[in-house]
Every structure is written in C-alpha cells, then in structure tokens.
C-alpha cells in the first residue's frame, strides 16, 4: 500500500475533500518508487485507472514518468467536481486496489482548479 505524503502541509487532501464548491477539479498525484519497482506500480495504477474510469464524474486521466529511468510518476486526472472525486476515492473497490502497490511507494495526491491569468491562460 502506498504511503501518503501531503503535497501541501497547510491544506491536506482531507481538507480538500470537504470542499463542496461546484466545478471541475484536477487531481495531481505524484507517485515515487524505486525504478526497479516501476513495473509493479504501472500494473497497480492501471487497475486503479480502470476502476476510476467507471466512476460518475470521471473525465480523463494521464500518467507521466520522469525521464532517464526515473521512478517518479505524475498522474493528472480531471473530475467533474470534488464531490465526484470524493465518492470515487472512498469507493471500496478502489480502496482495496491500494494493496497492489509496492510497499515502498509514496503518493502525494492534491486537487487543483484552473486559474485565470490575463494574457497568459484562461480559466
């Protein structure tokens, strides 16, 4: 099972899961594993993604791996709302899948919303 490490020590994922603001959110989750365990992580993540794809409010996901044989992965997933992600994250089928990850994996999930910066990016 992954060891969860907060990405932001001041606002935890648990704090974010209580947010009932409407609108889409982006889950960014960094997963770090020794490079030799990367194949096991990929198999576990693939099974998780299959579970999440079936959940209401799921829009899409992508997984990226650091270059040069890195054991750092970045998962980027879009959800219709915090409420949808909260329900999926609590889903017993998803929770049971966590045991398939290597014991030495750290996971740092955090929710984000797009920010508008005039002249650079739109929300």
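Odds and ends about this structure:
- Among the residues examined, residue 12 does not qualify as surrounded by fewer than 17 Cβ atoms within 10 Å (Cβ to Cβ) and touching a residue at least 24 places away in the same chain (Cβ under 8 Å).
- Residue within region 17-34 that is outside any strand (DSSP E or B) and farther than 26 Å from residue 83 by Cβ present: yes
- Lone qualifier among 73, 85 - being in contact with a strand residue (DSSP E or B) (Cβ under 7 Å, 6 or more places away or on another chain) and part of a helix (DSSP H, G or I): 85
- Residue in region 83-105 that is surrounded by 15 or more Cβ atoms within 10 Å (Cβ to Cβ), in contact (Cβ under 8 Å) with a residue 40 or more places away in the chain and farther than 21 Å from residue 2 by Cβ present: yes
- Taken over region 44-69, residues that are part of a loop (DSSP other than H, G, I, E, B) and loosely packed, with under 13 Cβ neighbours inside 10 Å amount to 5.
- Among the criteria (1) surrounded by 11 or more Cβ atoms within 10 Å (Cβ to Cβ); (2) in contact with a helix residue (DSSP H, G or I) (Cβ under 8 Å, 6 or more places away or on another chain), the one residue 20 does not fulfil is (1).
- The lone exception for residue 103 - which of (1) part of a helix (DSSP H, G or I); (2) modelled with pLDDT under 95 it fails: (1)
- Scanning region 25-48 for residues that are within 12 Å of the chain's Cα centre (by Cα) and modelled with pLDDT of 95 or more yields 25, 26, 27, 28, 29, 30, 31, 45.
- Across region 106-123, the qualifying residues are those that are touching a strand residue (DSSP E or B) at 6+ places or on another chain (Cβ under 8 Å) and in a loop (DSSP other than H, G, I, E, B), and the one among them that is nearest to residue 19 (Cα to Cα) is 113.
- Inter-residue pairs, beta-carbon under 8 Å, first over 21 Å from residue 61 (Cβ atoms) and in region 17-43, second part of a helix (DSSP H, G or I), 6+ apart: 20/82; 20/83; 21/82
The values are calculated or read from the model by the stated rules, or taken from the named source; none is laboratory data. Given the structure is predicted, the values throughout are model-derived calculations rather than measurements. In this analysis, Cβ positions are derived from the backbone assuming ideal geometry, glycine residues included, and neighbour counts consider all displayed protein chains.
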